[in-house]
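The values are calculated or read from the model by the stated rules, or taken from the named source; none is laboratory data. Note that the coordinates shown come from a computational prediction; the quantities given were computed from them, not determined experimentally. With ideal geometry, Cβ positions are generated from the backbone for all residues, glycine too; neighbour counts draw on all protein chains shown. Side chains are part of the model used for accessible areas, which takes the heavy atoms of the whole protein and leaves out ligands, DNA and RNA. Shrake-Rupley method; radii C 1.70, N 1.55, O 1.52, S 1.80 Å.
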Amino acid sequence: MVEAENQVSARERNIVTASALSSIFIFSFIIALPGVLINEVVDTFSLGGFSEGLMGTFTNIGFMVSMFFVVLVQGRVKKTKLFIFALCLQAVALFVTGFSPTFFIFLLGSLILGFSNGFIDSCSNSAIVDVQGEGCSKYLGYLHGLFGVGALLAPLVFMVALRFIDWRGIHFALTGFSVLVMVFIFSLTRGLGAEKKQETKVREHLFTASDLRAYLRVRRNVALSLAGMFGMFALFAVLIWIVRYMTLRFDAEDIGLLSVTIYWICATANRLLFARFVKNASMLFVAIGALLSGAAVFIGVASGNPIVLCVMMGVFGFCSGHFVQVLVAECAAGYKGRTSFTTSFLMFVMCIARIGAPVIMAFVGTQVSLFGGMMIPVVACLLTAVFSWYAMKSQQPQTAV
């Protein structure tokens with residue numbers, strides 16, 4: 001790739017960054033829906049057993065499918081246009097889930113919602129890597145920090161909103177916000193497109209099957225992917241199930257919701273501190289964080305005390321908040337011009353974990369053992385540490401041109 005192709009103006013850099021940040025902020029509210037509103041949805045549709053986790057599973061199936069399409073349009077469609085497309089689709093999906101008279105229609109809407117989520121998540125991360133270049137780690141920290149702020153606010157906003165409207169009303173409200181963000185990005189990109197000289201100069205290589213084969217031949221890439229998969233399983237399993245666990249184990253739904261908030265306070269603090277003070281975070285940070293995260297969950301569950309578990313959720317958040325941003329930056333290293341592919345592949349394997357986590361946690365937690373269910377993410381944390389350590393010791397590939 002010619003280096004000059006990736007030189008962008010300050011104005012363009014600001015517009016793409018603003019598009020990514022605004023998209024990820026609304027996305028942070030969407031991703032909180034399954035965990036925070038799970039009891040309301042379960043009661044509305046009279047669900048039981050593994051079906052209690054299907055909302056999260058179908059959302060993540062749609063997310064996984066979207067990863068194929070993100071890679072296929074790499075180098076063909078501007079990412080700002082993909083943001084607009086994804087937000088439009090997101091608004092439609094939220095309306096469908098809010099309106100759904102049956103659980104089948106609700107799952108269909110969740111599938112579409114997950115598809116839009118995939119475009120937003122992957123494109124936000126890869127767009128930051130593209131326009132910020134060597135400074136991407138810092139801005140990825142800000143990106144994921146803003147995501148943490150939204151995820152922190154979501155439980156609080158939803159709890160207050162549920163006093164006045166039901167969960168369907170929350171879906172309708174988010175539909176409106178998605179449209180507003182879409183209009184905001186459209187207005188920004190129209191201004192950019194009006195000046196031909198300012199149109200994006202960031203170009204990505206068109207994806208080929210050889211890219212995938214070459215990527216998987218590098219052991220470090222495989223280790224990074226497995227670290228991402230098990231790390232995401234641990235994060236998603238805890239967040240998707242903690243409210244339900246607190247309800248079933250302690251009859252303390254409010255403390256469960258509070259623990260989600262505490263998690264995001266600490267995870268967001270972690271991400272913003274990383275963005276401010278850590279310029280080149282290695283996989284050592286992920287390995288150590290994974291070990292401490294697993295220990296925090298184990299101590300909290302073994303204590304048999306909802307307050308202790310709530311505090312340990314904060315420790316869990318502070319020790320694991322940096323996982324995704326470090327992994328995105330590490331996977332992109334050596335693959336300039338192919339960031340949509342590296343980011344999407346990482347998100348794809350993470351999504352495997354996100355699909356399995358809700359149903360596994362729901363089945364084991366309700367049919368086998370509540371304690372056993374909460375030990376599953378502890379094991380996932382240990383595996384994350386192992387593969388992170390291996391990736392750190394493996395050689396980084398040379399820059400692809």
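Overview of results
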{"quantity": "Rounded D (µm²/s) - the chain, Kirkwood Rh over Cα pairs, Stokes-Einstein at 25 °C, 0.890 mPa s", "calculated": "117 µm²/s"}
{"quantity": "Leading residue at positive end of dipole, the range 270-401 (Cβ point charges), from 288, 331, 373", "calculated": "331"}
{"quantity": "Distribution of pairwise C-alpha distances over the range 35-105, 10 Å bins, in %", "calculated": "16, 42, 26, 14, 2"}
{"quantity": "Principal-axis tilt of helix 10-31 within the chain, Cα atoms, nearest 10 degrees", "calculated": "20 degrees"}
{"quantity": "When the range 127-178 is reduced to its Cα atoms, the Kirkwood hydrodynamic radius in Å", "calculated": "13.0 Å"}
{"quantity": "Estimated distance in nm for a label pair at residue 254 and residue 382, the labels positioned 7 Å out from Cα along Cα-to-Cβ", "calculated": "3.7 nm"}
{"quantity": "Low-density loop cleavage sites - chymotrypsin sites (Phe, Trp or Tyr not before Pro) in the range 331-397, where at most 15 other Cβ are within 10 Å (DSSP)", "calculated": "none"}
{"quantity": "DSSP loop GluC sites (Glu not before Pro) with at most 14 other Cβ within 10 Å: longest gap in the chain", "calculated": "200-401"}
{"quantity": "Sorted peptide list for 304-310, 352-358, criterion being average Cβ within 10 angstrom, highest first", "calculated": "352-358, 304-310"}
{"quantity": "Ratio of Rg to Rh over the range 256-306 (Cα coordinates, Kirkwood Rh, two decimals)", "calculated": "1.05"}
{"quantity": "Percent RCO, i.e. relative contact order, over the chain, from Cα pairs under 8 Å lying at least 6 residues apart", "calculated": "27 percent"}
{"quantity": "When each of 138/393; 81/393; 79/393 is checked by Cα-Cα distance, pairs over 31 Å", "calculated": "81/393; 79/393"}
{"quantity": "Residue 246 - accessible surface, heavy atoms, 1.4 Å probe, Å² rounded to 10", "calculated": "0 Å²"}
{"quantity": "Added length on full extension, which subtracts the Cα-Cα distance from 0.36 nm per residue, residue 14 to residue 370", "calculated": "123.4 nm"}
{"quantity": "Per residue accessible area of the chain, 1.4 Å probe, in Å²", "calculated": "40 Å²"}
